[in-house]
Every structure is written in C-alpha cells, then in structure tokens.
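Peer 1: Pasting in a structure now, in structure tokens, and then I'll have a few things to ask.
Laboratory data are not the source of any read-out in this text; all were calculated from the coordinates shown. Every value quoted in this text rests on a predicted model; they were computed, and no experiment measured them. Note that each Cβ is placed from the backbone with ideal geometry, even for glycine, and that neighbours are counted across all protein chains shown.
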Amino acid sequence: MSGTKAQAEPEVDRPQVYDVGIIGAGIVGLMVCHRIASRGRRLVVFEKNSAPGLGVTQGQSSVIHVVQLPFGSLKSKLARDGNKQFDGICADLGVPLLRLPSLLVVRGWLRTPVLLGAYFYLKRNLGHDFRLELAGKGSLQRMEPKLSESITAGIVVHGYGVVDWQRLVERLAEDLARNGVAFEFNTEVDGADVSGERVHLHTSSGEFTCRFVVNAAGLYSDEVARKMGVDLGEHTPGLGAMAEFSDLPVRSIIAPLPIRPAKRTKGGAIIPTTRGTVIFGPTLRELEKKEGSSADEEDLRVLMKKFGPMLTAQGKLVRLFSGVRPISPTGDFIIEYAKAARTVNLVGIESPGLTASPAIADLVLHKLEEAGLT
C-alpha cells in the first residue's frame, strides 16, 4: 500500500490542500474515508501504527449487533442503522459476512417472567426492523443440539451477524488507496492551527493542509481532540478479554438472560466466527492506563465459569486474547463538529463501533456537508 512512512511521496508531490484529513485508520476511520471518497474528495489518512486496523479494531469479537442498550442512545440507533448496510458493503468488497440468529436464554422456568418482559421490551423497541420470536427448550435444542439441558427457554433475535474484520479492513484500505486516498502510516498528529478555511496539521511526517479534519483516533481520540483545541472529556480504557475455541459446533450467538454485568464482564456471549471457531466473551474491566495490559488466567476462569455450563461440548482453546476499548466519558458515542477547529471529533466509540461504522460515516459526511464540504 502506498503512503507508509518509508514509502511516502516527497512533500512537494502532495496536493496543496486536501479536502479532508482523517486521523485514525481503524474500521471507523476507514469507513468514514470510504463514504467521503465516494464523493470524489481528496483525502489523506494519518495512522500512528504501521498498518490499518491495529488499534481498537483488532481487539473485538467481530459481531454485527442488533440489541444495544439503552435503545434511546446514539450508539444504539447508529448500530441498528449500520447493521442494515453491512450486507451491501461486504458484497461490494468481497468480505465474508455470516448472518446468524442470537439466542437470549434463561435457565429454569422461574425465570420465564424475566424472559417475557425482555421479549416485549425488545419487540417494542426493535419494531419491524428485526424479527424476534419466543422459543421453548425443544426449539432451542433443535437450533443448537449442544445447548445445555438446563436452558429452558429463550428469545431468538434475527439480524445478527459476524464479519471477517481483517478482510474488511484490508479491502477498504486497498479500495481507498486504489482510488487515490493518501495514507501516512507511522504518523502521529501533534497539533493544528486554523487559518480561515484551512487546517494546518503538524504531524511527525511533516505539515499537511486540509479544509476539514475527522478525528477517528479510537482509544486516543480524546487526546487528539484536545490537541485540536477541543475538550470532550477523557476515555476510561477498558480491557475486554476473549477466549477462542476450535471443535465447538455452535451456529448461533448465545447469551444468557438476564444480563447482570459484574466487575469483570460486560455481558458477552458465545460467538461463532467466519473462521469456523467460537469465541467466549468479551469481559470488561477498567484499566488505569491505555497501554501495557493483556488478558490473564483470571479472565479465562471468568469466561469459562460463565459460558462453559451453557454447552454440553468442550472445544480446544486456540488462544486467549484481548483488546482495549475507549469507555466514553458520557456513556454514549460523542460525534460533534467543532467549528473553530473545523474538525468532526469521534470520541467514546466503543462497542458497537464496528456495527455502527457505516452509519457513523453517514453522520460524519452530513456534518461536513453542513459545514461547507461541497
């Protein structure tokens, strides 16, 4: 791919002014870039790592969500809107997308009232966009023969999926580079000055001039926003641990109801992948710093205790892995245009950022067009 620091074009060959500079080449930054590039704009992407998708993007479970609480939040709305776009995007880019149901299950008939309450709540909020149905023990066993006998009933939520995020990032980046988008890898943005309708970005790879900037720096977007002169609060870093297994015949996403997040879990599920493996997780625990932490044996113990009893089969552990995500200072996505900085800041884009990324791209483009990107 063109644009790595080692292969960057001489500064004299750069366009005098880019229409938009995008900070961050994770899935959100790439999806935003893809949407803006479809309008024929001159774009440059800055990424502190040596390749796209090496930040928050690589440490997630690849789920295309339907249910994201609370339903009134921006992240929930954008996730539902983004979900509907993934079939077309993946078909156009040749990326594997596996659509599959999600089973929200309970153990014991005493929890049936909880199940019914959850069903009517989901039905009311998901409307006609996503199909739901109640399922008894027999129906669930037919769908998932390795489901534990202790599971008595569940809600089947249609419209979920899992995507090959690595292929998605790769194909997006290739398509963008092929269509003239410049990539500056191994490049950090140190600050900016605004002069009239121009933003002069100071980076470790030199000076760049853009009409507008999009801050999609993931875990570090709060810090980048402050470098652009905008304080939107600070991320709390959260580590999500996941265990991946082979030889585990599961065809649906399976999650327990009610979900009562404890100290080291955000809920999580049993999740098939496009690779034929199955993931347990993720957990969630807050960290004191953004770097230097990884999953440990206690994370694995928590995952096995929560999800192991839901199945009668045991797979072979392939790996224990984790990712660090930005826990939003407000509990929701922050997507705001700062007029003085001529910058759209994307802060607190945690789960379900992958699912929401096409809809985030639509919203960012709308904000830029309102600000004068024509």
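Peer 1: Given 82, 30, 338, which one lies farthest toward the positive end of the charge dipole of the chain, if we put +1 on the Cβ of every Lys and Arg and -1 on the Cβ of every Asp and Glu?
Peer 2: Projecting each Cα onto the dipole axis, the largest value belongs to 82.
Peer 1: For the range 59-166, what is the Kirkwood estimate of the hydrodynamic radius, computed as the reciprocal of the mean inverse distance between distinct Cα atoms, to one decimal in Å?
Peer 2: Kirkwood hydrodynamic radius for the range 59-166: 15.2 Å.
Peer 1: Hey, another quick one. Run the reach check for residue 339 against lysines, Cα to Cα strictly under 17 Å, same-chain hits fewer than 8 apart removed. What comes back?
Peer 2: Filter leaves 227, 367.
Peer 1: A further question on this structure: Compute the acute angle (0 to 90°) between the alpha-carbon long axis of helix 27-37 and the principal axis of greatest extent of the alpha-carbon atoms of the chain; round to the nearest 10°.
Peer 2: Approximately 50 degrees, to the nearest ten.
Peer 1: Quick check: pseudo-label points 7 Å beyond the Cα along Cα→Cβ at residue 231 and residue 146, how many nm apart are they?
Peer 2: It is 5.2 nm.
Peer 1: In a Gaussian network model over the chain where Cα atoms closer than 10 Å are linked, find which of 161, 348, 117 has the largest mean-square fluctuation.
Peer 2: Maximum among the listed residues: 117.
Peer 1: Ranked highest first by the average count of other Cβ atoms within 10 Å around their residues, in what order do 290-296, 325-331 fall?
Peer 2: Put in order of decreasing packing, that is 325-331, 290-296.
Peer 1: To the nearest 20 debye, what is the magnitude of the charge dipole of the chain about its Cα centre, counting +1 on the Cβ of each Lys and Arg and -1 on the Cβ of each Asp and Glu?
Peer 2: Roughly 1580 debye, rounded to the nearest 20.
Peer 1: Along the charge dipole of the range 146-230, Cβ charges K/R +1 and D/E -1, which of 182, 209, 151 sits furthest on the positive end?
Peer 2: Among 182, 209, 151, the one farthest towards the positive end of the dipole of the range 146-230 is 151.
Peer 1: Go ahead and set up a Gaussian network model of the chain, Cα springs under 10 Å, then flag whichever of 106, 66, 324 fluctuates most.
Peer 2: Answer for the Gaussian network model of the chain: 106.
Peer 1: Here is a further query. For the chain, with a Gaussian network of springs between Cα atoms less than 10 Å apart, report the residue from 75, 289, 84 with the top mean-square fluctuation.
Peer 2: Looking only at 75, 289, 84, the biggest GNM fluctuation is shown by 289.
Peer 1: Let me spell out the model: positive unit charges on the Cβ of Lys and Arg, negative unit charges on the Cβ of Asp and Glu, origin at the Cα centre of the range 209-253. What dipole size does that give, in debye rounded to 20?
Peer 2: Dipole size: approximately 260 debye.
Peer 1: Taking the inverse of the average 1/r across all pairs of different Cα atoms in the range 228-374, what Kirkwood radius in Å do you get?
Peer 2: 17.4
Peer 1: Another question, then. Taking only Cα atoms, what is the 0 to 90° angle, nearest 10, from helix 353-371's long axis to the longest principal axis of the chain?
Peer 2: Rounded to the nearest ten degrees, it is 30.
Peer 1: Within 10 Å, count the other beta carbons around each residue, average over each peptide in 52-59, 311-318, and list them highest first.
Peer 2: 52-59, 311-318
Peer 1: Once you have the Kirkwood Rh of the chain from its Cα pairs, apply Stokes-Einstein at 4 °C and 1.567 mPa s and quote D in µm²/s.
Peer 2: Using the Kirkwood radius from Cα pairs, D works out to 60 µm²/s.
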